[in-house]
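Accompanying notes for the structure given below.
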Amino acid sequence: MEREPPGFDPHTPNVARLYDYLLGGKDHFPADREAAEQILRVAPESRAAARANRAFLERAVHELARAGVTQFLDLGTGLPTRRNVHELAREVTPGARVVYVDHDPVVLVHARAMLAGEGTAVVYGDLCKPLDILRNPEVLRTLDFSRPVAVLLLAVMHFVSDADDPGRILATLREAMAPGSRLVISHFTGDARAAAVAKSVEVFRRTTSPLSPRGREHVAALFEGWDLDEPGLVWLPQWRPAPADTIDFTDSPESSLILCGMGRKP
């Protein structure tokens, strides 16, 4: 098993901390805030887009729990925030089991302090090496892969470059899942807001994780082998909006900057 990376660099913008800043969190450093503000100057909707992505996660987990899914594999979990996956799932299914996976040392420290507990696990894992994640003893103790598992990839696949072969990663995960398993993806896209996309790519090039935006066709290809649920691959606010949602992109859903969808393994 690959060893976890040591320490962290507060002077290099970090994706998890930058996202935390956009969500209004407190676990970030000046370098993260400066990078986020550079994006916000060109794409002020980025803050609302981050919240819309979190709202999509909440809706998706509730839908899955109501559909009887009791196991969740959250890949690229990011820094803990309010109402994390196990809390959301257990609002519907009290016995839900969740594994949180990340490669960021800061995320792992916070997640182990705040998320680990009965029926949950926090493990180091590199998404580009999915077999190592699937074979991790703690993952195997927490999840039963002979039964359906929801694989959550929220705002993470756009940090996987084409050179790392995202299709291979998704195929490996799919093959390990039982029929009835689900795949949830949200993905930054280059299909709209060209100036915002270009600035985001420029800023993220200086972070710990460069950005690889993809068009709708390429994001849809990540669901190969999964049957897409309604309403298909759509902008964040278009995926089964809830009356309680307070983020409104009604007139310009593309301003959410992110496409999302949920698929089922037949």
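The values are calculated or read from the model by the stated rules, or taken from the named source; none is laboratory data. Values in this document were obtained by computation on a predicted structure and should not be read as measured data. Quick reminder, even Gly has a Cβ in these numbers, built from the backbone with ideal geometry, and neighbours come from all protein chains shown. When the accessible area is computed, the model is the full protein with side chains, heavy atoms only, and any ligands, DNA or RNA have been set aside. Shrake-Rupley method; radii C 1.70, N 1.55, O 1.52, S 1.80 Å.
Where both residues lie in the stretch 1-126, what percent of DSSP beta bridges are antiparallel, nearest 5? Mind showing how you got there, number by number?
Values: 1 of 11 bridges.
Of the beta bridges lying entirely in the stretch 1-126, close to 10 percent run antiparallel.
Between Glu37 and Arg82, the FRET efficiency estimated from the beta carbon spacing at R0 = 30 angstrom works out to 0.80.
Taking all protein chains as they are arranged and a probe of 1.4 Å, the heavy atoms of Ser146 leave approximately 90 Å² accessible to solvent. Over the stretch 111-177, accessible surface divided per residue gives 44 Å², non-protein components excluded, 1.4 Å probe. If both residues of a DSSP beta bridge must be in the stretch 134-266, then about 70% of such bridges are antiparallel. At 222 nm, what helix-only mean residue ellipticity would the chain give, in deg cm²/dmol to the nearest 500, using -39500 (n - 2.57) for each DSSP H run of four or more? Calculated mean residue ellipticity at 222 nm is -10500 deg cm²/dmol. Amide H contacts under 5 Å for Val156: Ser186, restricted to partners 5 or more places along the chain or on a different chain, H placed in the peptide plane at 1.01 Å from N. 3J(HN,Hα) along the stretch 213-225, derived from phi through the Karplus expression 6.51 cos²θ - 1.76 cosθ + 1.60 where θ = phi - 60°, amounts to x, 10, x, 3, 4, 6, 5, 4, 5, 5, 8, 4, x Hz, with x in place of Gly and Pro. Ignoring lysines fewer than eight residues from Lys265 along the same chain, the ones with Cα atoms less than 22 angstrom from its Cα are Lys129. What a 1.4 Å probe finds exposed on the stretch 43-160 is 52% carbon and sulfur by accessible area, rounded to a whole percent. Ligands, DNA and RNA aside, Cys128 has an accessible area near 40 Å² when probed at 1.4 Å. Straight Cα distances below 28 angstrom link Lys26 to the lysines Lys199, with same-chain residues fewer than 8 positions distant left out.
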